[in-house]
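The values are calculated or read from the model by the stated rules, or taken from the named source; none is laboratory data. Everything numeric here is computed off the predicted structure, so don't read it as measured data. Positions of Cβ are backbone-derived with ideal geometry, glycine not excepted, and every protein chain shown enters the neighbour counts. Calculation scope for accessible area: heavy atoms of the full protein, side chains included, ligands and nucleic acids excluded. Shrake-Rupley method; radii C 1.70, N 1.55, O 1.52, S 1.80 Å.
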Amino acid sequence: METSEWKITWNDALSVGVPVMDDEHRQFISRVNDLNKAITELEDKATVLRMMDLMLIEAAHHFRHEQELLLRWQYPQAEAHIAKHAELTAQFARAMSQMTETDISFVWALKGLHVKQLLVRHLLQEDSKYRDFLLAQGTRS
């Protein structure tokens, strides 16, 4: 998977094989990239926080939709996946809180990289599990 330190580049390893989910993942990745771009370009605090807030909104929308689909598809690990989303949302919220509490761009950079790392790990480790389930079931949408 090709990623720079600050940017996630979409590739087939991130795909779950469901077009609507892949589109949402691409949008979510775009928000994380926008956040990290604002951080690396030393944008003002209001801009960085706005990018973080947009990313959190995108996460909430995507997680809600993905959870609905996992339940509809009768994914056996749906409840565990939903719990992972709750954990990830809490980690994102903590990062936002820590960014809000400081004016130090170094802290923002650490939090931006952390958010990127959390998202990539979730896509590769957790979403790949339901991708494999869907492939085995022949479910693609």
Original post:
Of Leu88, His114, Ile104, whose Cα points farthest to the positive end of the dipole of region 48-133 (charges on the beta-carbon: +1 Lys, Arg; -1 Asp, Glu; origin at the Cα centre)?
Top reply: His114
Original post:
What's the longest bit of the chain with no exposed GluC sites (Glu not before Pro), using DSSP loop states and at most 14 other Cβ atoms within 10 Å as the test?
Top reply: 42-100
Original post:
What dipole magnitude, in Debye to the nearest 20, does the chain give about its Cα centre under +1 on Lys/Arg Cβ and -1 on Asp/Glu Cβ?
Top reply: 180 debye
Original post:
How do Lys116, Lys37, Lys84 rank by accessible surface area computed with a 1.4 Å probe, from largest to smallest?
Top reply: Lys37, Lys84, Lys116
**OP:** At 0.36 nm per residue, minus the direct Cα-Cα distance, what do Trp6 and Arg72 gain on full extension? Give it in nm, one decimal, please.
**Re:** 20.3 nm
**OP:** Taking all protein chains together and a probe of 1.4 Å, list Ile57, Ile29 from the most accessible to the least accessible.
**Re:** Ile57, Ile29
Subject >> region 16-141, relative contact order [Cα under 8 Å, separation at least 6], % >> reply: 38 percent
Original post:
Which value in deg cm²/dmol, rounded to the nearest 500, describes the helix-derived mean residue ellipticity at 222 nm for the chain, given -39,500 (n - 2.57) per DSSP H run of n ≥ 4 and division by the residue count?
Top reply: -24500 deg cm²/dmol
Original post:
For the chain, modelled as a GNM with alpha-carbon contacts under 10 angstrom, which of Ala38, Ala59, Ala93 fluctuates the most?
Top reply: Ala93
